[in-house]
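Report on the following structure.
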Amino acid sequence: MSEHFIPLSVPNFSGNEKQYVNDAVISEWVSTGGSKVTDFEEKIAEYTHMPRAVACNSGTSGLHLALLAAGVGAGDEVLAPTLTFIAAVNPIRYVGAQPVFIGCGESLCLCPDLAREWLADHTEMRGGKCTNKRTGAHVKALMVVHVFGNMAAMPALVQLCGEYGLTLIEDATEALGTTYTEGPYKGRMAGTIGDIGVYSFNGNKIITTGAGGMVVSNHADWAAHAKHLSTQAKADELQFLHDEIGYNYRMTNLQAALGLAQLEQLEGFIAHKHKMYGFYRERLDGKNGFRILPFRAGVRSNQWFYSLYLEDARHERDAVIAALREKKIQTRPVWALIHEQADYGTCERFGTQLAEDFRAKIVNLPCSTNLTEEDAQRVVDALLAL
Ligand SMILES: *Cc1c(COP(=O)(O)O)cnc(C)c1O
């Protein structure tokens, strides 16, 4: 019997997706107008316990809007992770600012201790602004990514940003549903703790709208501004008056229809992610030179992506990936580090050693919300045979 292909991460449309999308088509509201967009915004606001959510057409556009709403602009500098997908960093450049790359901690997320060390050594207060002593630029914000759905160290980051007057922007594109279960932020979700946060509904995220994003903020005026910018900054509907440079970033009604159906299933998807994470962990952690990296304690993570860590040097990342591909199992390495990418090679970076280790030794395992135990067992068997 020829074995079927096991993908890394595919969407799961087993709910009301077809019905809601059909409703949108029948209503002829397929574009950025339409009640499903505001419905979806309200439901995400409710789910994340935020006063408001602003829907947009991708996580990347959401991050761009977040930086604009935060007033990050030309000549500013933003502390950012190097271990991330590049869409967390490119929007810093869209607004004319520069990233300063900071390494990660064991959580894979930007390390507050490294950020503190860099800030202490490389900045001073000038005119009340945290200023890079070398470049003279205003270090205005810190962009943290909740990598693979793991919660970043938010209490330490909030403290640090408070001390240095930095705006804290959360790229929670991978972390919808990740929630503190203890500590000072008990009950608070990734994306809702800093000044402004962004979710993504790209096809590989925990829920999808095909492409889409959502901005939430603890500053009501920032959320309102993000919405305004996403809708071409139209100040007068009838007269087509625009009061600043806006963008065509609004989510469509078709996307929102998909999102509403997906959101109904989110908690079920998270439960499945937990079950399959446990399945891999039990069979692979500490076995055959492998570790399954943990998620932060004191947090109900959405456990979006699972990280196999190749602890034993006899396992080489690309060889492992190739051996699994031979068996029709799709895996992938963690992203190439951003400070090594074409347009970021000259940027300042600090403490990137652990990120380099993770880059060399992590392989992400199949984690779809419809992954079966039979398929996961095939992945386990293939790995234990190496
Ligand atoms: C997916 C993702 C984004 C971008 O989201 P899109 O919806 O694909 O534009 C940004 N940052 C990280 C870390 C992501 O994983």
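Bear in mind that the values in this text are calculations on the coordinates, not laboratory data. Keep in mind it's a predicted model, so treat the numbers as computed, not measured. Neighbour counts run over all protein chains shown; Cβ positions are idealised from the backbone, glycine included.
Some notes on this structure:
- Rounded to whole numbers, the Karplus 3J(HN,Hα) couplings from phi for region 172-177 are 9, 4, 9, 10, 4, x Hz, using 6.51 cos²θ - 1.76 cosθ + 1.60 with θ = phi - 60°, and x at Gly and Pro.
- Alpha-carbon gyration tensor eigenvalues x 5, square-rooted, for region 243-386, Å: 30, 25, 15
- Once both labels are positioned 7 Å from their Cα atoms along Cα-to-Cβ, the gap between R332 and Q353 label points is 3.0 nm.
- Ratio of Rg to Rh over the chain (Cα coordinates, Kirkwood Rh, two decimals): 0.98
- For region 84-123, a Kirkwood hydrodynamic radius built from all Cα pairs, placed in the Stokes-Einstein relation at 20 °C and 1.002 mPa s, yields a translational diffusion coefficient of 189 µm²/s.
- For R93 and A297, the difference between the fully extended length at 0.36 nm per residue and the C-alpha to C-alpha distance is 70.0 nm.
- Across all Cα atoms of region 71-207, the radius of gyration (one decimal) and Dmax (whole number) stand at 14.4, 45 Å.
- Within region 235-313, the proportion of Cα pairs with more than 17 Å between them is 66 percent.
- Among beta bridges that DSSP assigns inside the chain, antiparallel share in %, nearest 5: 60
- Computed over the alpha-carbon atoms, region 156-294 gives an Rg to Rh ratio of 1.07, Rh here being the Kirkwood radius from the mean inverse distance.
- Over region 1-152 - Rg/Rh using Cα atoms and the Kirkwood inverse-distance radius: 1.09
- Global dimensions of region 216-277 from alpha-carbon coordinates: Rg and Dmax equal 17.3, 54 Å.
- Cα principal axis extents for region 23-103, largest first, Å: 47, 26, 24
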